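Report on the structure given below.
Bear in mind that the values in this text are calculations on the coordinates, not laboratory data. Keep in mind that what you see is a predicted model, and the values were worked out from it rather than measured. Cβ atoms come from the backbone with ideal geometry, glycine included; neighbour counts cover every protein chain shown.
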Amino acid sequence: MKTTQKNITVLGDGAWATTLAGLAKKNGHSVVVWSAFPDYLDELDKTLINRVYMPGIKIPEGVVFEKDIGKAIEFGDIVIFAIPSKFFRDIAKKVKNLEISLKGKVFVNVSKGIEQKTLMRMTEVLKEELGKINTAVLSGPTIAIEVAKELPALIVAASKSKKIAKELQEIFSNEYFRVYTSSDVIGVEMGGPLKNIIAVVAGISDGLGFGSNAKAAILSRGIVEIQRLGQVMGAKKKTFSGLAGLGDLSTTCISPDSRNRTFGERIGKGEKMNDIVKSTSAIIEGATTAEAIYELSKKYKVEMPITEQVYNILYKNKNPKQAMIDLMTRERKAE
């Protein structure tokens, strides 16, 4: 069944932003991309290659690069917020200050982060800034470069509105990109930032030279921590066994293209967080949200030993090897 053409606005110029823009365009929709960096938009418009984040990948012709955020928002039936969590509220405020009706538009979060100061999910930030709007989340095991190369991938579209979730499913699904729907917004939205923390630990394990046994243990105990916190926050347990939980966790912990795993590997080899962050143009959500997840575990009184050790390594300068030893020598208990 052919999907009705929609106007899609993508806010952001990162790897996932231009990948989703390209995917929507290939599926027959009209697409506008806005970025906070107008000079880079000019480059994207001229070359159709995201040199910084997706070198060598061609963006489909027909994608429009718009410098005026007002025109970009006005254009979109669907507005994709592909903005890192640390800048998310700033862009939401820009949209708020526009004299444009947001009625009928759907705002979709694809950022896998938590706001550090407020500990809010990104759709909560959107609603706080923009009022009564339609929101949704798109999340799952989707390394951008693989999707851009049209390799098979699956993802989840979550919204309290079944109609909106179904609409997103129809917009983005094709022969290599399969979209499932869910009503569990909290679970799907929390799966991303939570798995990033576990991916950092998987990377640290790689950096320390540990083997497959260690990584398997990190994944299996990591999903337990994810479920614990997610359920207390109101998510459904089964969501974390699906694409937005275990699926995303597996991809991020294993893929050599995962920023969070690679970040952890460099930590395990002795580099410092600030030096790594300064050396890369990409936002590493696992680094920026580790503190927020740790604070959430304290707020909800949820035991999260892996998360606690990541926090100690990144923010308390704990030796990574000692942190792993401390995890192994915790009080013995039943699984």
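Per-structure values
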{"read-out": "Point-to-point label distance, Lys166-Arg51, nm (Cα→Cβ direction, 7 Å offset)", "value": "4.6 nm"}
{"read-out": "Cβ-placed point charges (K, R +1; D, E -1), dipole of the chain about Cα centre in debye, nearest 20", "value": "860 debye"}
{"read-out": "Under 19 Å from Lys298, Cα to Cα: aspartates and glutamates that are on another chain or at least 8 residues apart", "value": "Glu115, Glu225, Glu308"}
{"read-out": "Dipole axis of the chain (+1 Lys, Arg; -1 Asp, Glu on Cβ), positive-most option in Tyr40, Pro152, Ala282", "value": "Pro152"}
{"read-out": "Largest-first ellipsoid semi-axes for the chain, taking √(5λ) over the Cα gyration tensor eigenvalues, angstrom", "value": "33, 21, 19"}
{"read-out": "Estimated vicinal HN-Hα couplings, Hz - the range 84-96 in sequence order (Karplus 6.51, -1.76, 1.60; Gly, Pro = x)", "value": "x, 4, 5, 10, 4, 5, 4, 6, 4, 5, 4, 5, 4"}
{"read-out": "Fewest-first ranking of Leu168, Leu327, using other Cβ atoms within 10 Å as the exposure measure", "value": "Leu327, Leu168"}
{"read-out": "Aspartates and glutamates with Cα under 12 Å of Lys94, excluding same-chain neighbours fewer than 8 positions away", "value": "Asp68, Glu129"}
{"read-out": "Pairs beyond 22 Å (Cα-Cα), from Lys93/Lys316; Lys96/Lys132; Lys166/Lys238", "value": "Lys93/Lys316"}
{"read-out": "For the range 7-183, size of Cβ-based charge dipole, Lys and Arg +1, Asp and Glu -1, in debye", "value": "620 debye"}
{"read-out": "Using alpha-carbon coordinates, inclination of helix 259-268 to the longest axis of the chain, degrees", "value": "30 degrees"}
{"read-out": "Kirkwood Rh in Å, taken over all unlike Cα pairs in the range 206-319", "value": "14.9 Å"}
{"read-out": "Linear extension gain, Lys93 paired with Arg221, 0.36 nm per residue minus alpha-carbon span", "value": "42.3 nm"}
